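A quick write-up on the structure given underneath.
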Amino acid sequence: MSQKNNVNAGIALMIAATIVFALQDGISRHLAGTYNTYMVVMIRYWFFAAFVIAVAARSTGGLRAAAKTEQLGLQIFRGLLLAGEICVAVFSFTILGLIESQAVFICYPLLIAALSGPVLGEKVGWRRWAAIGVGCIGVLIILQPGAGVFNPWAVVPLISAFMFAVYGLLTRYAARRDSTATSFFWTGVAGAVAMTAVGVWFWEPMARTDWLWMGLLCITGALGHWLLIKCYEMAEASAVQPFAYFHLMWSAILGITIFHETLRPEVVLGAAIVIAAGLFTLWRERRKSRAS
């Protein structure tokens, strides 16, 4: 069995990555609940940039090869967009909690499918549009916009999902001319520079115990990305991507056990609809790629 077709190993790595990312979300919520979000994300990006540079330095051609691109503006914009999305997501954790935020955020694959036409020029058939529509119904069930208790802050994770979807599409667009190593390098470096320019103005003294949590946040960030890289080396994205939805389950467990969040029936129903629509979209994309 070739390494690229080792689906079982790829699935195991994807599930491991979702556990790590859920832990990262929980630590982010804890720290951003006490300290400014910009500072927390800035320190996280310092470590991420160091990790990216270290990976690039050890790759073929070194830093020069990793940094070489004819799409510098696009690569920098991608990095800025992801940094902004992380700030919005962490802010969402502090005002809505992990469960509510992740239940809305998981609609991002549907947004990618919807935007792939205007951004990448890909053809989106009626079946995928139908799945996108069903996913939107799931999001509306979670948000309950017609209810008297509707929380306008619930739109924040939707903004985060939209930003991440655009980032994902731009990453696919950049991949037409740049390698994964180049995109990974500029994601970390551009994000670190941008967050430093913003975050230094919001610096706050941090307790010694929270520095330990911050260190763990940085480690989980780097470990999560490393697991994803290895995952996609082992198996095709379409084979392992459905297991990314485990992220929501781990986040729900953390939210309930650690942060004493409640699991609303509407969130369960809406999230189930969104996940089903997302899995259908992934299935259609995999079937289409096999046919071509």
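The values are calculated or read from the model by the stated rules, or taken from the named source; none is laboratory data. Just so we're clear, the structure is a prediction, and the values are computed from it rather than from any experiment. When we count neighbours, we look across all protein chains shown, and the Cβ atoms used for this are built from the backbone with ideal geometry, even at glycine. Accessible surface areas use protein heavy atoms only, side chains included; no ligands, DNA or RNA. Shrake-Rupley method; radii C 1.70, N 1.55, O 1.52, S 1.80 Å.
Quick look at the values:
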item: Distance from segment 165-214 to segment 18-47 (C-alpha centre basis), Å; result: 12 Å
item: Carbon/sulfur fraction of accessible area - segment 146-255, other protein chains in place, 1.4 Å, %; result: 74 percent
item: Solvent exposure of segment 1-100 as accessible area per residue, Å², 1.4 Å probe; result: 44 Å²
item: Sulfur and carbon atoms: percent of accessible area, segment 1-115 [1.4 Å]; result: 65 percent
item: Highest-MSF residue in the chain out of Ala16, Ala57, Ala113 [GNM, Cα springs under 10 Å]; result: Ala57
item: Efficiency of FRET from Cβ geometry, Glu236 and Ala276, R₀ 25 Å, rounded to 0.05; result: 0.70
item: Segment 106-230 - accessible surface per residue (Å², probe 1.4 Å); result: 52 Å²
item: Spin-label pair Leu263/Glu122, simplified geometry with 7 Å Cα→Cβ offset, distance in nm; result: 3.1 nm
item: Loop sites in segment 155-208: trypsin sites (Lys or Arg not before Pro), DSSP, at most 10 other Cβ within 10 Å; result: Arg176
item: Förster-model FRET efficiency, 35 Å R0, Trp226 and Thr196, C-beta, rounded to 0.05; result: 0.95
item: Value at 222 nm in deg cm²/dmol, rounded to 500, when DSSP H runs of n ≥ 4 in the chain each add -39,500 (n - 2.57); result: -26000 deg cm²/dmol
item: Net charge, Ile106 excluded, C-beta distance under 13 Å - Lys, Arg +1, Asp, Glu -1; result: -2
